[in-house]
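What follows is one structure encoded as structure tokens, with my remarks underneath.
Read-outs: derived from the displayed coordinates by stated rules, not from any lab. No experiment lies behind these values; they were computed from the predicted model shown. Cβ placement follows ideal geometry from the backbone for every residue including glycine, while neighbour counts extend to all protein chains displayed.
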Amino acid sequence: MAEIKLACDCGKVQGQAHDMDAQKGNRLTCCCYDCQAFAFYLMELGRSNHPAILDQYSGTDIFQMPISNLTIDQGIEEIACIRLSDKGMNRWYAKCCNTPIGNTLGRNMPFIGVVHNFMRHQTSRVDEIGQNRAYVQTHEIKKQIPSALKGSSAKAVMRGIGKILSWKLKGLNRPSVFFTQEGSPIVSPIIKRKSEIMQNIKTN
């Protein structure tokens with residue numbers, strides 16, 4: 001299993017994904033409206049000169065992995081968090097250069113969905129974490145995804161649920177660099193409604 005380097009675009013935030021490979025995690029591409037809004041929010045903050053978050057089908061390539069296998073070695077003070085609703089997912093990013101890091105729920109949930117922009121593969125993404133298993137939440141986009149790429153969203157989601165349950169039983173929700181011992185996020189999340197973000201995109 002590989003040690004995968006993690007870093008934001010400017011290099012201020014760096015870390016590692018420990019003991020990871022295609023079998024241990026779950027790679028998928030999410031087309032949900034929330035993931036799109038998160039990408040647009042970071043674009044609003046200023047990502048025009050950085051690699052795209054969304055692909056040509058408005059999907060975000062994500063690797064679901066145990067949160068305890070992720071460490072941040074430097075730049076933790078540069079980490080920020082946004083929620084798209086009061087009880088929404090915590091969406092973490094590096095505020096120094098607006099690089100998406102990943103998505104989590106509360107401290108008791110043992111997973112993080114690491115966004116592709118934060119992973120620095122030494123060989124290739126496919127070699128280290130496998131092929132994309134499927135596009136999910138495709139009903140929230142207008143473009144048709146070719147069947148050769150689409151995969152089985154049901155199988156990918158069920159695989160993810162199975163992984164999360166297994167990680168929970170193994171206690172892999174701790175330690176977590178994103179939550180305090182008391183269970184609070186390490187920084188207070190900004191609450192910004194996705195409707196507001198998307199409206200700003202439409203009017204600009």
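Modelling each spin label as a point 7 Å along the Cα-to-Cβ direction, I'd like the GLN199/SER166 distance in nm, to one decimal.
Taking the simple label geometry, GLN199 and SER166 are separated by 4.4 nm.
Take the chain, connect every pair of alpha-carbon atoms lying under 10 Å apart with a spring to form a Gaussian network, then pick out the residue of MET65, MET119, MET43 with the largest mean-square fluctuation.
Of MET65, MET119, MET43, the most mobile in the Gaussian network model is MET43.
Please arrange ARG27, ARG120, ARG107, ARG125 by how many other C-beta atoms lie within 10 Å of their C-beta, fewest to most.
Ranked by crowding around the Cβ, least crowded first: ARG120, ARG125, ARG107, ARG27.
Give LYS142/LYS192; LYS24/LYS87; LYS12/LYS168; LYS12/LYS150; LYS87/LYS168 a once-over and call out the pairs whose C-alpha atoms are over 26 Å from each other.
Among LYS142/LYS192; LYS24/LYS87; LYS12/LYS168; LYS12/LYS150; LYS87/LYS168, the Cα-Cα distance tops 26 Å for LYS24/LYS87; LYS12/LYS168; LYS12/LYS150.
Can you find, among HIS121, SER166, ALA17, the residue sitting farthest towards the positive end of the charge dipole of the chain, where Lys and Arg contribute +1 and Asp and Glu -1 at Cβ?
SER166
Given points 7 Å out from each Cα along the Cα-Cβ axis, report the LYS5 to TYR33 separation in nanometres with one decimal.
Rounded to a tenth, the inter-label distance reads 4.0 nm.
Run the helix sum for the chain: -39,500 (n - 2.57) per DSSP H stretch of 4+ residues, divided by residue count, reported at 222 nm to the nearest 500 deg cm²/dmol.
It lands at -7000 deg cm²/dmol.
Given +1 on the Cβ of Lys and Arg, -1 on the Cβ of Asp and Glu, and no further charges, what dipole in debye does region 74-190 carry about its Cα centre, rounded to the nearest 20?
480
Taking the Cα centre as origin and putting +1 on Lys and Arg beta-carbons and -1 on Asp and Glu beta-carbons, what dipole magnitude results for region 29-140, to the nearest 20 debye?
On the way: 9 positive and 11 negative charges, 32 e Å.
In total the dipole reaches around 160 debye.
Principal axis extents for region 65-204, Cα atoms only, whole Å, descending order, please.
45, 44, 31
For region 2-197, give the magnitude of the charge dipole about the Cα centre (Cβ charges: +1 Lys/Arg, -1 Asp/Glu; no others), in debye to the nearest 20.
It comes to approximately 580 debye.
Report the calculated FRET efficiency for VAL177 and LYS143 (r = Cβ-Cβ distance, R0 = 30 Å), to the nearest 0.05. The partial results should precede the final answer.
Details: r = 35 Å, r/R0 = 1.17.
Taking R0 as 30 Å, the efficiency between VAL177 and LYS143 is 0.30.
Only Cα pairs within less than 10 Å get springs; with that Gaussian network setup on the chain, which residue of HIS50, HIS121, HIS139 has the largest fluctuation?
For the chain, modelled as a Gaussian network with Cα springs under 10 Å, the answer is HIS139.
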